[in-house]
Amino acid sequence: MGYNIGYCGNKIQNNTNTYVTTNLSPGYFGRWIHIALMGDPSLRMHYIAPPNTVIVTEDLNNVMHVNWSASAETVDGYHVFRKRTTDVDWTMVNPTLVTGLNFDDPTIVVGGNYEYMVRAARDQQTASGTYQNMSLGNIGIVTSHATSENIQHDMFSLFPNPSVDHVYINLREPMNADGLVQVYNSLGGLVINQTITEQSNQFMLNVGELASGVYYVMINDHTCKFVKK
């Protein structure tokens, strides 16, 4: 699986480390281009019809619900990207290819204006191999009302807070498989003891059955407090 020609041209023309000698002056040969890729790198040999009408809404738990209309062509699925309206770079927020027409993003912890872009994708067969081809993107805009009540910690972030049904946890670094997440009530009683079965830096705790009150999430001896409504 490879990338399109525009990506390859960008990598070649911005190369500063591969095949760069250290025997001469530092970084010598950096950005030297030995293969010229002529033309507009945004042009494509294989176009895919993009999805239509991207609509983004926010619920009371500050989870973003992204919905769109299907591409007019047969595709394998869709990728969802996000950025603040003031940012330049996009970040892919779906961990795997989305095969439906909606995606929920619970990872926003700071309020503000955000843009979501959805691109259709499929494996493109060519004479020289296969690559994942993506369409142009359609964009939906939303204003998040996430507040500073969402807990930030050196090791992880926890939101929403207060919570009704679910607590989402984002780790600064991925947790190894078989990692342990524990939740204690205000009396020190263990109420949730959950093992993470795969390496991840994001997961969800179901707190819907807990009584209203104050609870503490502990991960590797680091603790954050949250309120269950």
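Yes/no matrix, rows are residues, columns are (1) surrounded by 16 or more Cβ atoms within 10 Å (Cβ to Cβ); (2) part of a loop (DSSP other than H, G, I, E, B); (3) at pLDDT 90 or above:
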residue: MET38; (1), (2), (3): no, yes, no
residue: PRO41; (1), (2), (3): no, yes, no
residue: HIS46; (1), (2), (3): no, yes, no
residue: VAL56; (1), (2), (3): yes, no, yes
residue: ASN61; (1), (2), (3): yes, yes, no
residue: VAL66; (1), (2), (3): yes, no, yes
residue: TYR78; (1), (2), (3): yes, no, yes
Problem - region 86-110, residues that are β-branched (Val, Ile, Thr), more than 19 Å from ASN62 (Cα to Cα) and either surrounded by 11 or more Cβ atoms within 10 Å (Cβ to Cβ) or not assigned by TED's automatic domain parsing to the domain that holds THR57 (or both) - result: VAL98
Completion exercise
Within region 132-187, the count of residues that are over 14 Å from LYS228 (Cβ atoms), touching a strand residue (DSSP E or B) at 6+ places or on another chain (Cβ under 9 Å), modelled with pLDDT under 70 and outside any strand (DSSP E or B) comes to 7
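Would you please name the residue that is surrounded by the fewest Cβ atoms within 10 Å (Cβ to Cβ), looking only at residues in region 111-126 that are of a type in the set (Gly, Ala, Ser) and on the phi < 0 side of the Ramachandran plot?
Here the residue is GLY111.
The values are calculated or read from the model by the stated rules, or taken from the named source; none is laboratory data. Quantities reported herein were computed from a predicted structural model and do not represent experimental measurements. Every residue, glycine as well, gets a Cβ built from its backbone with ideal geometry; the counts of neighbours run over all protein chains shown.
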